[in-house]
1. Hey, how much of the P(r) for chain B falls beyond 39 Å, as a percent of Cα pairs?
2. Could you line up B:LEU233, B:LEU200, A:LEU43 from fewest to most neighbouring Cβ atoms inside 10 Å?
3. Would you please give the FRET efficiency between A:ASP47 and B:LYS46, computed as 1/(1 + (r/R0)^6) with r the Cβ-Cβ distance and R0 = 30 Å, to the nearest 0.05?
4. Multiply the residue gap between B:SER178 and B:ILE266 by 0.36 nm, knock off their C-alpha separation, and tell me the result in nm, one decimal place.
5. Could I have the simple spin-label model distance between A:ALA17 and B:SER300, label points 7 Å from Cα toward Cβ, reported in nm to one decimal?
6. Starting from the Cα-Cα distance between B:LYS312 and B:ASP218, subtract it from 0.36 nm times their residue separation and give me the gain in nm to one decimal.
7. Can you pull a Stokes-Einstein diffusion coefficient for the stretch B:1-145 at 25 °C (0.890 mPa s), Rh from Kirkwood over Cα pairs, as a whole number of µm²/s?
8. What is the spin-label model distance, in nm, from B:CYS6 to B:GLU151 if the labels are put 7 Å beyond Cα along the C-beta direction?
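Taken together, the values in this text are just the output of simple stated rules run on the coordinates, not laboratory data. The structure presented is a predicted model; accordingly, all values stated were derived computationally and were not measured. Cβ placement follows ideal geometry from the backbone for every residue including glycine, while neighbour counts extend to all protein chains displayed.
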Amino acid sequence: MKVITVKINGEERQMPAKGTIRTLAVDLGLNPETVLFVVNGMLQTEDYRLQDGDEVEVVSVVSGG
Amino acid sequence: MKCRICGKPAVIKLRAHNIALCPEHFVEFVQKQTAKAIKHYKMFEKDDHIAVAVSGGKDSLALLDILTELGYKVSAFYIDLGIKHMDYSKTSKEKAQAFCEKKGVKCLVYSLPEMFGMGIDEAARKSRRTPCSLCGMTKRYLMNVAARDLEADVIATGHNLDDQAAALFANLMRWDVSYLAKGYPVLPAEHGFPKKVKPLVFLTEREIAAYAIVRGIDYVRYECPHSEGARFLVYKEHLNAIENMSPGTKRRFYQGYTENIWRFQIESPDQCEKKDEEESPMKPCKICGMPTAAEDGICSFCRFWRPDEVKKIKGQE
């Protein structure tokens, strides 16, 4: 299986090629209602297909009130 | 995914509304939702002067941005709680002030360390109170002071749909009827205190965070150290789990409540009796002049933060 390397919040991670943000969220066990994904500085939707070398910032949106 | 309106690449999918939007149309969506809430709940008019409580976080800075973009007359104030952990207050203040400057909005700062020589943590330790209860009392007081100093008609805070829905959920779990009667996003001016409103109640935290990112708003990404593990977050987590299964639940839950709030505002005979016993006329605090219902005429803020002046007043009596 072909794999790609992406950086998630600064840490390198390998994942299957053609993986999307949606599959990444599932792998990380995240509820999509509680996070946003910024890829290479741009906000992206869940169907964004990750590319080798992408830098992903997982932004938590939940605050303590 | 393409923008439902223009077909350009979308940056966000809003499952509760079943739409995906590009940056331009998402910004328009957020601003329209805010304008709709302001109108729906009769929060304020175009010529009102609005004091926005800014914390340096996403919600309050997004609110400031939206209100200025909608053309409202806005001023801001920041309450420096002196939280030293991870330079939380220092960073928050810098972000809040920098954004206000960028938007050309006047920002007053009320700093506990400068006013009283200590921050909320030290004060909580000394008084053996929890920082959160002390923080609530202190912020409520200083918000009223800020509105007075800015000569504002109304105070606006960045509470969003998730905050309101989680508070409602928590109050329902306890059947706290007195709080259930007060969860409306508008608190009218009364007893000499200004009107308080929450214009972001139609928007989720996720939508507001996305707005802040798209608009390039530099906000504090980490949380107040005292909110870690707070019960409030557990309620949010559960609501988000339901929202993920059934998009739009939070909105229906909170908006349904605002339509039915009158059901909680009917007081039982016991509550009326209690209210009669509790209610005493408001008078100006003997120390600061702000309205207080305290029998001895000293407000809870002065009682806590100005003990020397309390002693002086008590000595004269």
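1. For chain B, the share of Cα pairs beyond 39 Å comes to 14 percent.
2. B:LEU233, A:LEU43, B:LEU200
3. Values: r = 40 Å, r/R0 = 1.34.
Efficiency, from the Cβ-Cβ distance: 0.15.
4. On the way: separation 88, 0.36 × 88 = 31.68 nm, distance 1.01 nm.
Between B:SER178 and B:ILE266, full extension yields an extra 30.7 nm.
5. 6.3 nm
6. Taking 0.36 nm per residue and subtracting the Cα distance, the gain is 29.3 nm.
7. 141 µm²/s
8. Placing both labels 7 Å along Cα→Cβ, they lie 4.1 nm apart.
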